[in-house]
Amino acid sequence: MRILLDENFPGDFPALLIGHEASNVHSHGWAGIKNGELLRRAHGTCDVFVTLDRNLEFQQNIKVLPYGIVAVRSRSKRIVDLTPHIPAILLAASQVGPGRAVTVGA
């Protein structure tokens with residue numbers, strides 16, 4: 001599965017998603033791009049977009065996207081706080097369909 005991580009994830013987090021083709025916004029040169037444009041650019045590059053932005057699904061028309069969105073609720077964006085969410089992220093990523101969003105974490 002191709003997973004694209006939003007820019008708010010630590011740069012070394014993609015390597016922790018073992019068994020998947022994971023990259024982040026920075027590796028595509030898209031850091032700092034507004035959400036609407038970012039989601040358009042992600043077309044064709046991922047099956048799932050993972051973000052820490054809890055409001056993304058309410059701010060953008062995700063129903064038209066050809067990939068799913070996984071929003072992660074974590075205490076912080078530090079890798080120590082994100083790592084426990086990896087199993088839930090991968091499970092949600094495998095189940096979310098195009099144009100849909102799911103939230104994981106507390």
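Bear in mind that the values in this text are calculations on the coordinates, not laboratory data. What you see is a predicted model, and the numbers here were worked out from it, not measured in a lab. Backbone-built Cβ (ideal geometry, glycine too); neighbour counts: all protein chains shown.
A few comments on the model shown:
- Sole exception among (1) assigned to a loop (DSSP other than H, G, I, E, B); (2) over 14 Å from the mean Cα position of the chain (by Cα) for Lys77, by number: (2)
- Residue list for region 86-102, filter: out of contact with any helix residue (DSSP H, G or I) (no Cβ under 8 Å at 6 or more places or on another chain) and either crowded, with 19+ Cβ neighbours inside 10 Å or over 21 Å from Gly11 (Cα atoms) (or both): Ile89, Leu90, Leu91, Ala92, Ala93, Ser94, Gln95, Val96, Gly97, Pro98
- Flag not set for Glu37, criterion: surrounded by 15 or more Cβ atoms within 10 Å (Cβ to Cβ) and over 19 Å from Asp81 (Cα atoms).
- Test: residue in region 63-75 that is among the aromatic types (Phe, Trp, Tyr), crowded, with 17+ Cβ neighbours inside 10 Å and closer than 24 Å to Ala106 by Cβ: no
- Residue ID - farthest from Phe13 (Cα to Cα), chosen from residues in region 41-74 that are in a helix (DSSP H, G or I) and within 14 Å of the chain's Cα centre (by Cα): Ile62
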